[in-house]
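The values are calculated or read from the model by the stated rules, or taken from the named source; none is laboratory data. Values in this document were obtained by computation on a predicted structure and should not be read as measured data. Because the Cβ atoms are built from the backbone with ideal geometry, glycine has one as well, and the counts that use them run over all protein chains shown.
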Amino acid sequence: MSEWYLDFVDLNYRPSKDDLISLFRIEPAKGITMKEAAGRVASESSVGTWTSLTYLPKRIKDLMGRAFEIKGNHVKVAYPIELFESGNMPQILSSVAGNIFGMKAVRNIRLEDVHWPKKLIKSFKGPQFGIKGIRKLLRINKRPITITVVKPKLGLTSEEHAKIGYESWIGGIDLLKDDENLSNQSFNKFEKRVKESLKMRDKSERETGEKKSYLINITAETKEMLNRAKFVSNNGGEYVMVDIITTGWAGLQTLRNECENLGLAIHAHRAMHATFTRSRHHGISMLVIADVSRLIGVDQLHIGTVVGKLESPRDEVIALNLEIEKQLIKKHDHVLSENWHDVKPVLAVSSGGLHPGLVPEIIRMLGNDIGIQCGGGVHGHPDGSRAGAKALRQAIDAVIKRISLKEYSKKHPELEAALGKWGYMKPR
Ligand code: CAP
Ligand code: MG
């Protein structure tokens, strides 16, 4: 029986420039060879099924996925582009990231990366603003962008939320952010929060002379999301924030189309991703999620911190930063080469357990094209949100001036208090 699958293995095949290529890490089930597992994966994710078929004319054989490289547990499969519907991300992922995860023939399987052919890349919108557009919107030329998420994450009234927003913006925050699970609850209704917060945004702009904006969480059923995006636009907002995993790829594509009409930037939160990205043995890597996010066209994406509170390995965070911000991606380790052509870069956002004491290490690792997001690291400051925001900006200023945080804090009490509470990490 197993010879049928070997039709989907061709180690002499050289992919064409139009092929989509997937890199899998596969642990075959007991009694299954690596080659057979590779063939079964290529079969199930292209035109095959569990048994040989009576009717399989040549034109369909030409559509077969081909496992063309097997190195240890890593298998590369090439897929003819005709298998995929241009511009349809749900269908593409149903093929290359669908049934295969449940196959009994594999004990574990992880989709590590995907190489996207130019024709498929061109069939998606990509980011509307990109890094240049975000910097222009915020009038920030070089330094990292500061973001804070209002904490406590739920329970505040719209007025309390807006007040914390004002304190944060006045203290120096560029972007205020809703938390991933804040939407339109009884204690903080969406429309009231938008109006109150944008009023405070305008006030803080007048008082600081700096451009400020607000990442408003519109995560909801798709039609409702579009209504909320329109409401944000009608009230003078420049961004929407959306939880891309719980919203789903179809919802994100629909939202992206609408944001083109409304001229709104998209901040992508990735809550739930760790369900399938965290294990190195089974699931889908965050690199693939980053590719999909850039193709569909978010403008900002969370990529982890390495040093914060949530699992985010250094090699992964560095690879993510490059994958979404560079045009040419070099093949290395378990990353496939990519040419993003003229698809705009996405601003990486580092968030999760960050505070001013970790800023030098974040900038050292990820550079200046980074959104540094602190929730507790601003609103947990001993002297409150405004001081927390000041301390974050002071930490960035210290890095730009190449002065150690310890030294800089001697003349900056807000930074000194932050370091007193959370300490600091000497950049490696
Ligand atoms: C951070 C955060 C973000 C996480 C998301 C939170 O708050 O608001 O949702 O950073 O994780 O709710 O934990 P803190 P990631 O700054 O207080 O930790 O960025 O890895 O997707
Ligand atoms: Mg959050």
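A count restricted to segment 86-100 and to residues that are of a type in the set (G, A, S) and surrounded by 15 or more Cβ atoms within 10 Å (Cβ to Cβ) stands at 3.
When T148 is tested against the conditions (1) over 30 Å from A29 (Cα atoms); (2) away from ligand 2 (no atom under 16 Å from the Cβ), the lone failure is (2). Among the residues that make up segment 190-197, is at least one of them farther than 30 Å from T51 by Cβ, away from ligand 1 (no atom under 16 Å from the Cβ), among the hydroxyl-bearing types (S, T, Y) and crowded, with 23+ Cβ neighbours inside 10 Å? There is at least one residue in segment 190-197 that is farther than 30 Å from T51 by Cβ, away from ligand 1 (no atom under 16 Å from the Cβ), among the hydroxyl-bearing types (S, T, Y) and crowded, with 23+ Cβ neighbours inside 10 Å.
Among the residues of segment 65-78, write down those that are surrounded by 20 or more Cβ atoms within 10 Å (Cβ to Cβ) and assigned to a loop (DSSP other than H, G, I, E, B). The answer is G65, and nothing else.
When segment 314-340 is limited to residues that are over 17 Å from P360 (Cα atoms) and within 14 Å of ligand 1 (Cβ to nearest atom), the one that is surrounded by the most Cβ atoms within 10 Å (Cβ to Cβ) turns out to be I324.
Within the set K212, K177, K151, the sole residue that is out of contact with any strand residue (DSSP E or B) (no Cβ under 9 Å at 6 or more places or on another chain) and either more than 22 Å from M272 (Cβ to Cβ) or within 14 Å of ligand 1 (Cβ to nearest atom) (or both) turns out to be K151.
Are any of the residues in segment 109-116 over 25 Å from V240 (Cβ atoms), loosely packed, with under 15 Cβ neighbours inside 10 Å and basic (K, R)? No, there is no match, as no residue in segment 109-116 is over 25 Å from V240 (Cβ atoms), loosely packed, with under 15 Cβ neighbours inside 10 Å and basic (K, R).
Scoring V349 on the criteria (1) crowded, with 24+ Cβ neighbours inside 10 Å; (2) farther than 30 Å from D113 by Cβ; (3) within 10 Å of ligand 1 (Cβ to nearest atom) leaves a single failure, condition (2). Only residues that are touching a helix residue (DSSP H, G or I) at 6+ places or on another chain (Cβ under 8 Å), under 13 Å from G357 (Cα atoms) and at pLDDT 95 or above were counted in segment 408-428, giving 10. Taking the criterion of being aromatic (F, W, Y) and buried (at least 20 other Cβ atoms within 10 Å of the Cβ), the only residue of segment 19-64 that qualifies is F24. When you go through R40, R66 one by one, which is the residue that is closer than 29 Å to K122 by Cα and either touching a residue at least 12 places away in the same chain (Cβ under 8 Å) or of a type outside the set (S, T, Y) (or both)? Sole residue among the options that is closer than 29 Å to K122 by Cα and either touching a residue at least 12 places away in the same chain (Cβ under 8 Å) or of a type outside the set (S, T, Y) (or both): R66.
Filter segment 241-275 for residues that are among the hydrophobic types (A, V, I, L, M, F, W, C) and more than 16 Å from ligand 1 (Cβ to nearest atom); which is nearest to D299 (Cα to Cα)?
Residues of segment 241-275 among the hydrophobic types (A, V, I, L, M, F, W, C): 241-242, 244-245, 249-250, 252, 255, 259, 262, 264-266, 268, 271-272, 274.
Add one more test, that the residue is more than 16 Å from ligand 1 (Cβ to nearest atom), and what stays is 249-250, 255, 259, 262, 264-265.
Details: W249: 15, A250: 17, L255: 13, C259: 11, L262: 14, L264: 10, A265: 6 Å.
Applying the filter and picking the extreme gives A265.
So, of the residues in segment 364-399 that are among the β-branched types (V, I, T) and in a helix (DSSP H, G or I), which turns out to be farthest from A417 (Cα to Cα)? So, considering only residues that are among the β-branched types (V, I, T) and in a helix (DSSP H, G or I), the one farthest from A417 (Cα to Cα) is V399. In a residue-by-residue description of segment 343-355, the property of being more than 24 Å from A290 (Cβ to Cβ), touching a residue at least 12 places away in the same chain (Cβ under 8 Å) and basic (K, R) applies to no position. Hey, among K104, K125, which residue is closer than 20 Å to Y5 by Cβ and assigned to a loop (DSSP other than H, G, I, E, B)? Checking each option against the conditions leaves just K104. Per the conditions (1) under 28 Å from F276 (Cα atoms); (2) surrounded by fewer than 19 Cβ atoms within 10 Å (Cβ to Cβ), the sole criterion not satisfied by S16 is (1). Of all residue pairs spaced 6 or more apart or on separate chains, those with beta-carbon atoms under 9 Å, a first member in segment 367-384 that is closer than 13 Å to T146 by Cβ and a second member that is near ligand 1 (Cβ under 10 Å from one of its atoms) and of a type in the set (K, R) are Q373/K177; G375/K151; G375/K153; G375/K177; V378/K151. E311 satisfies every condition listed in (1) within 16 Å of ligand 2 (Cβ to nearest atom); (2) surrounded by 20 or more Cβ atoms within 10 Å (Cβ to Cβ); (3) farther than 30 Å from L226 by Cβ except (2).
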